[in-house]
Protein chains: 2
Amino acid sequence: MNLLLLEEADFIAADRVILRDRRLVHLHEVHRADEGDSLRVGRLAGLMGKGRILRLGPQEAELQVTFDQPPPPKLPITLLLALPRPKMLKRTLQTVATLGVARLVLLNSYRVEKSFWQTPFLEPAAIREQLILGLEQARDTVLPEVSIEKRFKPFVEDRLPALADRTLGLVGHPGDFPACPRGLPLDQPVTLAIGPEGGWIPYEVDKLREAGLQPVQLGERILRVETAVTALLARLY
Amino acid sequence: MNLLLLEEADFIAADRVILRDRRLVHLHEVHRADEGDSLRVGRLAGLMGKGRILRLGPQEAELQVTFDQPPPPKLPITLLLALPRPKMLKRTLQTVATLGVARLVLLNSYRVEKSFWQTPFLEPAAIREQLILGLEQARDTVLPEVSIEKRFKPFVEDRLPALADRTLGLVGHPGDFPACPRGLPLDQPVTLAIGPEGGWIPYEVDKLREAGLQPVQLGERILRVETAVTALLARLY
């Protein structure tokens with residue numbers, strides 16, 4: 001946790017917060033903090049700043065907080081991700097938040113096992129928990145917008161063309177395609193689709209193309225989903 | 001496992017192998033393979049090709065194998081990595097192998113907790129196991145060379161200057177430094193140092209500079225080690 005992320009419910013006054021949950025445990029066990037210590041704080045969806053520990057006990061901590069610094073800008077990207085297996089989903093949500101993705105769409109695909117849609121990690125509270133861990137890692141306060149699309153065809157036919165309009169639309173796909181572009185300006189919007197383990201099937205690549213997304217490749221090595229997300233984003237921006 | 005990686009001990013003839021270990025389990029449980037099926041195989045440190053399943057039983061499988069394809073080229077990079085915490089070490093070793101790093105040096109740093117050096121995951125067999133998982137993911141057959149340097153100063157003073165000679169030497173470090181270079185030619189050798197959680201201390205950055213490595217940054221977001229490795233490599237090549 002490189003940033004202590006505060007929510008509305010933590011505030012007892014404009015400049016005072018009380019912590020009782022895993023963040024209190026973290027102060028004790030990882031920061032090994034003492035009363036008087038200062039640490040970086042951020043207000044969810046708001047500014048970042050400093051917190052000074054006024055009281056630190058086994059049940060709760062009280063901090064005085066000030067906010068003066070904007071969070072880092074988001075990457076102007078909508079990431080369409082074929083739903084990964086549950087364990088990979090958790091880590092990938094963290095990574096997506098850490099890297100500053102603005103919008104994430106978790107999408108069905110032929111090669112997504114039906115059972116993956118049953119995982120409790122898709123509950124809104126569970127998704128939010130992983131995103132917050134990712135923000136705390138990166139030092140950011142703004143959650144990515146996440147939506148869930150369990151039906152590939154209606155999403156890609158009916159809604160994706162408008163989403164991808166006036167963006168650079170890309171599908172990460174191995175094969176004889178142009179290399180993924182590099183070093184885009186930070187204000188260039190992108191819509192990027194990343195497939196499941198085993199990749200998109202040809203029908204899906206065709207439908208994504210029709211919606212305005214062009215296949216690009218990242219070399220002959222096959223990457224895990226989380227690694228592919230990081231590699232594609234690091235190359236694009 | 002996108003490639004069934006075969007070792008010398010698996011061969012009963014030039015074109016025949018017997019499998020009994022986790023790879024047999026994988027054939028049954030993940031590939032749900034049948035006799036007659038073909039799948040991609042690779043010979044550790046050698047060529048890749050096809051394997052046809054001649055016999056598949058609960059105790060062993062016999063495959064007929066042919067090899068005709070070279071593995072993908074390695075990235076000409078020596079990665080110096082401050083030893084990550086054990087759980088992160090395992091995943092990072094896989095990622096390093098998947099991405100095609102040629103040489104990895106696990107290095108001490110002021111912010112590496114002493115206890116990390118006690119982990120059984122640093123045993124040669126344990127390192128090899130994770131590297132092989134990474135090669136199987138990427139479809140590669142060539143293990144990265146891994147060395148372990150428990151003393152920062154003698155390594156950086158006495159051996160790093162020769163290692164880094166005639167390479168582009170870089171230290172990933174947050175701060176007011178030039179951005180990490182992008183899109184190097186695939187034959188440009190690089191020596192890249194990536195710090196521990198919390199980063200290198202200034203003394204270490206100075207010593208790495210003296211050895212020929214220049215600090216570069218990757219933006220204001222703080223990345224986990226595994227994510228930083230992937231992001232830096234994807235940007236460099």
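The values are calculated or read from the model by the stated rules, or taken from the named source; none is laboratory data. Predicted model only: the values in this text are computed from it and were never measured. Neighbour counts run over all protein chains shown; Cβ positions are idealised from the backbone, glycine included. Protein only, heavy atoms only, side chains kept; ligands, DNA and RNA dropped before computing areas. Shrake-Rupley method; radii C 1.70, N 1.55, O 1.52, S 1.80 Å.
Is it true that B:L89 is under 14 Å from the mean Cα position of the chain (by Cα), part of a helix (DSSP H, G or I), among the hydrophobic types (A, V, I, L, M, F, W, C) and within 14 Å of another protein chain (Cβ to nearest Cβ)? Spell out how you get there, then give the answer.
Details: under 14 Å from the mean Cα position of the chain (by Cα): yes; part of a helix (DSSP H, G or I): yes; among the hydrophobic types (A, V, I, L, M, F, W, C): yes; within 14 Å of another protein chain (Cβ to nearest Cβ): no.
Here the answer is no, as B:L89 does not meet what is asked.
Identify the residue in region B:203-221 that is within 11 Å of another protein chain (Cβ to nearest Cβ) and out of contact with any Ser or Thr (no Cβ under 8 Å at 6 or more places or on another chain) and, among all such residues, is most open to solvent (accessible area, probe 1.4 Å).
Looking at the filtered set, the residue picked out is B:E220.
Got a number for residues in region B:114-131 being assigned to a helix (DSSP H, G or I) and among the hydroxyl-bearing types (S, T, Y)?
1
Sort out which residues of region A:100-127 are within 13 Å of chain B (Cβ to nearest Cβ) and under 8 Å from the mean Cα position of the chain (by Cα), and write them in order of number.
A:G100, A:V101
Among the numbered criteria (1) open to solvent by less than 10 Å² (accessible area, probe 1.4 Å); (2) outside any helix (DSSP H, G or I); (3) within 24 Å of A:V142 (Cβ to Cβ), which single criterion is violated by B:E226?
Condition not satisfied by B:E226: (2).
Of the residues B:A97, B:A138, which single one is within 12 Å of chain A (Cβ to nearest Cβ) and touching a Gly at 6+ places or on another chain (Cβ under 6 Å)?
Numbers: B:A138 fails: touching a Gly at 6+ places or on another chain (Cβ under 6 Å).
Selected residue: B:A97, the only one of B:A97, B:A138 that is within 12 Å of chain A (Cβ to nearest Cβ) and touching a Gly at 6+ places or on another chain (Cβ under 6 Å).
Of all residues in region B:177-209, which are of a type in the set (S, T, Y) and touching a Phe, Trp or Tyr at 6+ places or on another chain (Cβ under 8 Å)? Give the derivation first.
Step one: of region B:177-209, the residues of a type in the set (S, T, Y) are B:191, B:203.
Selection gives B:Y203 alone.
Just give me the residues in region B:152-166 being touching a Leu at 6+ places or on another chain (Cβ under 9 Å) and open to solvent by 30 Å² or more (accessible area, probe 1.4 Å), in sequence order. Explain how you work it out, then say what you get.
If we filter region B:152-166 for residues that are touching a Leu at 6+ places or on another chain (Cβ under 9 Å), which is where we start, we get B:152, B:155-156, B:160, B:163-164.
Residue satisfying the conditions is B:L163 alone.
Just checking, does region A:176-183 include any residue being of a type outside the set (V, I, T), surrounded by 20 or more Cβ atoms within 10 Å (Cβ to Cβ) and out of contact with any helix residue (DSSP H, G or I) (no Cβ under 8 Å at 6 or more places or on another chain)?
No - not one qualifying residue is present in region A:176-183.
Can we say A:L5 is within 15 Å of the chain's Cα centre (by Cα), in a strand (DSSP E or B) and touching a residue at least 60 places away in the same chain (Cβ under 8 Å)? Please lay out each step first, then the result.
Values: within 15 Å of the chain's Cα centre (by Cα): no; in a strand (DSSP E or B): yes; touching a residue at least 60 places away in the same chain (Cβ under 8 Å): yes.
Against the criterion (within 15 Å of the chain's Cα centre (by Cα), in a strand (DSSP E or B) and touching a residue at least 60 places away in the same chain (Cβ under 8 Å)), A:L5 does not qualify.
Select from region B:141-180 the residues that are more than 21 Å from the chain's Cα centre (by Cα) and within 13 Å of chain A (Cβ to nearest Cβ) and list them in ascending order.
Listed by number, the residues that qualify are B:P174, B:A179.
Has region A:88-108 got any residue that is open to solvent by 50 Å² or more (accessible area, probe 1.4 Å) and touching a residue at least 40 places away in the same chain (Cβ under 8 Å)? Walk me through it before giving the result.
Applying the first criterion (open to solvent by 50 Å² or more (accessible area, probe 1.4 Å)) to region A:88-108 yields A:90, A:103.
After this cut, where a residue has to be touching a residue at least 40 places away in the same chain (Cβ under 8 Å) as well, the list is A:90, A:103.
Checked region A:88-108: at least one residue is open to solvent by 50 Å² or more (accessible area, probe 1.4 Å) and touching a residue at least 40 places away in the same chain (Cβ under 8 Å).
Which residues, counting only those in region B:53-86, are in contact with a Gly (Cβ under 8 Å, 6 or more places away or on another chain), assigned to a strand (DSSP E or B) and surrounded by 16 or more Cβ atoms within 10 Å (Cβ to Cβ)? Working first, answer last.
Within region B:53-86, the first condition is being in contact with a Gly (Cβ under 8 Å, 6 or more places away or on another chain), and the residues that meet it are B:53, B:63-69, B:71-75, B:82.
Those left that are additionally assigned to a strand (DSSP E or B): B:53, B:63-69, B:75, B:82.
Across region B:53-86, the qualifying residues are B:I53, B:L63, B:V65, B:F67, B:L75, B:A82.
For region B:1-38, which positions are within 23 Å of B:L131 (Cα to Cα), open to solvent by 50 Å² or more (accessible area, probe 1.4 Å) and either among the hydroxyl-bearing types (S, T, Y) or touching a strand residue (DSSP E or B) at 6+ places or on another chain (Cβ under 6 Å) (or both)?
The answer is none; no residue qualifies.
Going by the structure shown, is A:R32 touching a Ser or Thr at 6+ places or on another chain (Cβ under 9 Å) and either in contact (Cβ under 8 Å) with a residue 60 or more places away in the chain or not assigned by TED's automatic domain parsing to the domain that holds A:D140 (or both)?
Details: touching a Ser or Thr at 6+ places or on another chain (Cβ under 9 Å): no; either in contact (Cβ under 8 Å) with a residue 60 or more places away in the chain or not assigned by TED's automatic domain parsing to the domain that holds A:D140 (or both): yes.
Against the criterion (touching a Ser or Thr at 6+ places or on another chain (Cβ under 9 Å) and either in contact (Cβ under 8 Å) with a residue 60 or more places away in the chain or not assigned by TED's automatic domain parsing to the domain that holds A:D140 (or both)), A:R32 does not qualify.
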